[in-house]
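Engineer: Questions regarding the structure given below will be posed in turn.
A short reminder: the numbers here are calculations on the coordinates, not readings from a lab. Given the structure is predicted, the values throughout are model-derived calculations rather than measurements. FYI the Cβ positions are ideal-geometry reconstructions off the backbone, even for glycines, and counts take in every protein chain you see.
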C-alpha cells in the first residue's frame, strides 16, 4: 500500500473512533493532516483574535512549518494508529 493510501485510510479511521480524543490529540492530528495535504500554513490565512478555535488550529499547523508532506503523512499515520489502539474503532 502506498503512503498516500495509508494516509487516506488513517484519515477515514480517525472518523470512526469510539470516543473523542483529547483536544491536544485533535490539534496534533489536525496539524499533521493539514501539513500532509496542503504544506506550510500561509500567514495571510491566520484567523482573527476572536476566533480562538481557529487560532489554536492555525498555531498547531504553523508549528509543523518546514516538515515535508511525506514526513507529515507518516507522523499522521503513526498518531492515528496510536489513537486507534487506545480508543478503538466503532
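Engineer: Look at residue 10 and say whether it is surrounded by 16 or more Cβ atoms within 10 Å (Cβ to Cβ), touching a helix residue (DSSP H, G or I) at 6+ places or on another chain (Cβ under 9 Å) and over 22 Å from residue 90 (Cβ atoms).
Structural biologist: On the way: surrounded by 16 or more Cβ atoms within 10 Å (Cβ to Cβ): yes; touching a helix residue (DSSP H, G or I) at 6+ places or on another chain (Cβ under 9 Å): yes; over 22 Å from residue 90 (Cβ atoms): no.
It is false that residue 10 is surrounded by 16 or more Cβ atoms within 10 Å (Cβ to Cβ), touching a helix residue (DSSP H, G or I) at 6+ places or on another chain (Cβ under 9 Å) and over 22 Å from residue 90 (Cβ atoms).
Engineer: State the number of residues belonging to region 72-90 that are touching a strand residue (DSSP E or B) at 6+ places or on another chain (Cβ under 8 Å) and in a helix (DSSP H, G or I).
Structural biologist: Matching residues across region 72-90 total 3.
Engineer: I want to confirm something. Restricting to region 13-26 and keeping residues that are closer than 15 Å to residue 79 by Cβ and in contact with a helix residue (DSSP H, G or I) (Cβ under 7 Å, 6 or more places away or on another chain), which single residue is surrounded by the most Cβ atoms within 10 Å (Cβ to Cβ)?
Structural biologist: Ranking the candidates gives 14 first.
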